[in-house]
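The values are calculated or read from the model by the stated rules, or taken from the named source; none is laboratory data. All of these numbers come straight from a predicted model, not from anything done at the bench. Counting neighbours? That spans all protein chains shown, and the Cβs are built from the backbone with ideal geometry, glycine included. Keep in mind that these areas ignore ligands, DNA and RNA; they rest on the heavy atoms of the full protein, side chains included. Shrake-Rupley method; radii C 1.70, N 1.55, O 1.52, S 1.80 Å.
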Amino acid sequence: MEHLRIRPGTDVDLASFDPNDTSGFDGGKSEAVAELKRLRKRLADLQYRFWADGGEKLLVVLQALDSGGKDGTIRRVFAGVNPQGVRVHGFKKPTEIELAHDYLWRVHRHTPASGMIAVFNRSHYEDVLVVRVLGLVPEERWRKRYGHINAFERLLTDEGTTIVKFYLHISEDEQAERFQARLDDPTKRWKFSKGDLATRSQWDAYMAAYNEALSKTSTEHAPWYVVPANKKWYRNLVVARTLIGILESMDLQFPEPEEDLDDIVIV
Ligand code: AMP
Ligand code: MG
């Protein structure tokens, strides 16, 4: 899935990324579903080792526009893992207390401890995305944040956290279909908020904000992947495969058992 990784220093233009792309997978949806099942099993095995090893920390950042598939990705990709070893945190509109602090204050405490995988459903990137588009702080303030974010992520990786960041890339048409589906289905209506339409009407401003964020913050130590996400099955495969690749590259070991256990027989 390396072709989806943004090389540091790339000037990203999301318009040149096809949200319908399914390259690297020749089968169609039904094969993908079977493949995802296998990948989930592999991910569960690796996470069991990761948890037992206890020496690594993994931070997974998910960003997307409304209906981009952050929740679905978490549900589908992490379905098989041991919940004890995974913490999902969704970042909502900051509370009054959070707003009274710097924007990273609320983020740092949710970063993963040893042996843990933390999944961010939205993240500190909102502070250069929605904050920028809605003008919630002046430009001279948010503009400095790319540098803070790179330094913050550097701190985390220097201290032993592995970071991977996924931007789930859907098209404007796909978003329209997903919003309509939410409105039409009584069991999905709760997911729709009128505010989503205001956000949708600023599509180009969000694309510009994402282009700059991806360009300035995809680093060797904390890379961004642009995930074609119009097809949910492909999105899930990309995220699952990337996470498996990361876990496989770690030297995960089961802790040494106590000595002289061979002769013990439980009666
Ligand atoms: P949802 O992901 O649908 O639950 O919505 C969460 C909302 O919180 C989105 O509208 C985000 O734009 C908003 N949000 C998250 N982080 C921030 C932030 N730092 N500043 C302002 N709004 C935010
Ligand atoms: Mg929403």
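Legend: calculated FRET efficiency, Asn82 to His108, from the Cβ-Cβ distance at R0 = 25 Å, rounded to 0.05, equals 0.50.
Residues whose amide H lies under 5 Å from that of Gly90, counting only those 5 or more places away or on a different chain, are Asn121; hydrogens are built 1.01 Å from N in the peptide plane. Computed over the chain, the per-residue total of -39500 (n - 2.57) for DSSP H runs of n ≥ 4 gives a 222 nm mean residue ellipticity of -12500 deg cm²/dmol, rounded to 500. Averaging 1/r across all pairs of distinct Cα atoms in the range 149-267 and inverting the result yields a Kirkwood radius of 18.4 Å. In plain terms, if you count all Cα to Cα distances in the chain and split them into 10 Å steps from zero, the share in each step is 6, 28, 35, 22, 6, 3, 1, 0 percent. Here the gap between Ala15 and Thr95, fully extended at 0.36 nm per residue and compared with their Cα-Cα distance, gives a gain of 25.4 nm.
Scattering from the range 1-65 was approximated by placing one identical point on each alpha carbon and applying the Debye formula without solvent; log10 I(q)/I(0) at 0.14, 0.24 1/Å stands at -0.72, -1.16. Calculate I(q)/I(0) for the range 95-162 by the Debye formula, one identical point scatterer on each C-alpha and no solvent, and give its log10 at q = 0.13, 0.25, 0.28 Å⁻¹ to two decimals. Each listed q maps to, in turn, -0.40, -1.25, -1.41.
For the range 88-102, list residues with backbone N below 18 Å from a point placed 7 Å from the Cα of Met250 toward its Cβ? Flagged as within label range: 88-89.
Accessible surface of the chain, 1.4 Å probe: 51 percent of it comes from carbon and sulfur atoms.
Quick one: accessible area per residue over the range 186-262, 1.4 Å probe, rounded to a whole number of Å²?
53
Stokes-Einstein D for the range 54-212 at 20 °C, 1.002 mPa s, Kirkwood Rh over Cα pairs, in µm²/s? It comes out at roughly 126 µm²/s. For the range 11-115, the spread of Cα positions along the three principal axes, ordered from largest to smallest, is 50, 42, 25 Å. Packing order of peptides 149-158, 88-97, highest average first: 149-158, 88-97 (average count of other Cβ atoms within 10 Å over each peptide's residues).
With protein chains left intact and a 1.4 Å probe, residues in the range 1-101 average 57 Å² of accessible area per residue.
Binning all Cα-Cα separations of the range 31-86 at 10 Å, short to long from zero, yields these whole-percent fractions: 20, 47, 29, 4. Potential lengthening of the chain between Arg143 and Met207 amounts to 21.4 nm, from the contour at 0.36 nm per residue minus the alpha-carbon distance. Dipole magnitude for the chain: about 1180 debye, using +1 per Lys or Arg Cβ and -1 per Asp or Glu Cβ, origin at the Cα centre. In this structure, the residue pairs whose Cα-Cα separation is over 28 Å, taken from Lys165/Lys231; Lys144/Lys232; Lys92/Lys144; Lys92/Lys194; Lys29/Lys191; Lys57/Lys216, are Lys144/Lys232. Under 5 Å between amide hydrogens, built in the peptide plane, is the criterion, and for Val61 it picks out Phe120, Val164, Lys165, Phe166 among residues at least 5 positions away or on other chains.
Which one of Leu214, Phe152, Thr95 is farthest out on the positive end of the charge dipole of the chain, using unit charges on Cβ (Lys, Arg +1; Asp, Glu -1) and the Cα centre as origin? Positive-end residue among those listed: Thr95.
Could you give the distance between the Cα centres of the range 172-196 and the range 75-139, to the whole Å? The two parts, judged by their Cα centres, are 23 Å apart. Computed extension gain for Asp53 through Lys41, at 0.36 nm per residue and net of the alpha carbon distance, reaches 2.5 nm.
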